[in-house]
Amino acid sequence: MIRVNGLTKDYGARRAIENLTFEARQGEILGFLGPNGAGKTTTMRILSGYMPPTAGSAQVAGYDIISESLEVRRRVGYLPETVPLYNDMTVFDYLKFMADLRHLPRAEDRVDTVLDMVGLIERADGYIGNLSKGMRQRVGLAQALLHRPEVLILDEPTIGLDPAQVVEVRNLIRELGKERTVLLSTHILSEAQQICDRVVIINKGRIVAEDSPENLQARLSGAQRVSLRVRGESDELVEKIAAIPGVQEVIALPEGVLEFQHAPGQDVRPEVARTIVRANYDLLEMQPVGMSLEEIFLELTGKKRK
């Protein structure tokens, strides 16, 4: 579990994060989202014991990050965005070295287990310096898992991986998140939407939203959007649907798809369906369109879609 209360960090005159307060529970994957320079990495470094905060407090796995820093580090697996590795060591030797630093019993057996978890068994005897960026990322994830940490702090864990590897790592994170607390930062918004139970969106060092992706969509959608598909060209339906009371906007898309918007609490779908049938069209599909996490992110961080 992670509990953060009023966390603040200054670099000289520049304030990187200000008064952050949030919680990540056991068995939960919490996504930490924000544009570059928002303060994500600074927060993760503080929570992993890498640096102290200027103000505020935090507890990780029940231990204070300042007064009980060593206990925190024993219980945290940390994957930084740029993984520090020794290029002249083999994958196995590096992980064995890291296991010995943590005084793990049966270190070689544990290294074999972790290598299997991250799909590196066949690369165990290869030199780290010869690995691709994606493979190096896997080595970094393996060292974060060696000591069976209660809390995983992962800074951009899928960066540099090919699509197949991304799927594998996502599945692994989901599995790990069943028993551990996982704090995950990412720039890939679809990734957060797929694997995170909740998300914290940070901008300019401050939290601007915290909730599940589904609840954020419901809170920020405002007017409700519906997509429908008819057989044949749908351009002439635009005016007919736009004339229905309560419909605010209608857009014609390719392949017989229309998208319309209506005010919340005013379900116009039955009348839309009747209008389509009266116009001698076959209605093939009608479903609500949720606000994507990308749209939420852009709205909350004040950015415009290009």
Original post:
How about the stretch 185-206: which of its residues are surrounded by fewer than 19 Cβ atoms within 10 Å (Cβ to Cβ), over 17 Å from Pro157 (Cβ atoms) and at pLDDT below 90?
Top reply: Lys204
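Please verify whether Leu152 is closer than 25 Å to His103 by Cα and not basic (Lys, Arg), treating the condition exactly as stated.
On the way: closer than 25 Å to His103 by Cα: yes; not basic (Lys, Arg): yes.
Answer is yes for this residue.
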Original post:
List the pairs whose first member sits in the stretch 178-204 and is outside the structural domain of Val167 (by TED's automatic domain parsing) and part of a helix (DSSP H, G or I), whose second member is surrounded by 19 or more Cβ atoms within 10 Å (Cβ to Cβ) and hydrophobic (A, V, I, L, M, F, W, C), and whose Cβ atoms are under 7 Å apart, counting only residues at least 6 apart or on separate chains?
Top reply: none
Original post:
Can you name the residue in the stretch 144-166 that is surrounded by fewer than 19 Cβ atoms within 10 Å (Cβ to Cβ) and small (Gly, Ala, Ser) and, of all such residues, is farthest from Thr42 (Cα to Cα)?
Top reply: Ala164
Original post:
Here are some residues: Gly160, Gly140. Which one is closer than 28 Å to Val72 by Cα and of a type outside the set (A, V, I, L, M, F, W, C)?
Top reply: Gly140
Subject >> Subset of the stretch 207-218 (residues that are at pLDDT 80 or above and either closer than 22 Å to Thr82 by Cα or not small (Gly, Ala, Ser) (or both)) >> reply: Ile207, Val208, Glu210, Asp211
**OP:** Please give the number of the condition Glu23 fails out of (1) in contact (Cβ under 8 Å) with a residue 24 or more places away in the chain; (2) closer than 26 Å to Ala192 by Cβ.
**Re:** (1)
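Within the stretch 53-77, work out how many residues are acidic (Asp, Glu) and under 16 Å from Phe22 (Cα atoms). Let's see the steps before the verdict.
Just the residues of the stretch 53-77 that are acidic (Asp, Glu), to begin with: 64, 68, 71.
If we keep only those that are under 16 Å from Phe22 (Cα atoms) as well, we get 64.
The total comes to 1.
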Subject >> Members of the stretch 3-15 found to be hydrophobic (A, V, I, L, M, F, W, C) and either part of a loop (DSSP other than H, G, I, E, B) or surrounded by fewer than 20 Cβ atoms within 10 Å (Cβ to Cβ) (or both), listed by number >> reply: Ala13
**OP:** Give me a count of the residues in the stretch 90-120 that are out of contact with any strand residue (DSSP E or B) (no Cβ under 7 Å at 6 or more places or on another chain) and either closer than 17 Å to Arg74 by Cβ or touching a residue at least 24 places away in the same chain (Cβ under 8 Å) (or both).
**Re:** 21
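Going by the structure shown, is Ala164 free of Cβ contacts under 8 Å to residues at least 12 places away in the same chain and either in contact with a strand residue (DSSP E or B) (Cβ under 8 Å, 6 or more places away or on another chain) or of a type in the set (A, V, I, L, M) (or both)? It would help to see each step written out before you state the result.
Details: free of Cβ contacts under 8 Å to residues at least 12 places away in the same chain: yes; either in contact with a strand residue (DSSP E or B) (Cβ under 8 Å, 6 or more places away or on another chain) or of a type in the set (A, V, I, L, M) (or both): yes.
Here the answer is yes, as Ala164 does meet what is asked.
The values are calculated or read from the model by the stated rules, or taken from the named source; none is laboratory data. Note that this is a predicted model, so its numbers are computed, not measured. Cβ: placed from backbone, ideal geometry, glycine included. Neighbour counts: every protein chain shown.
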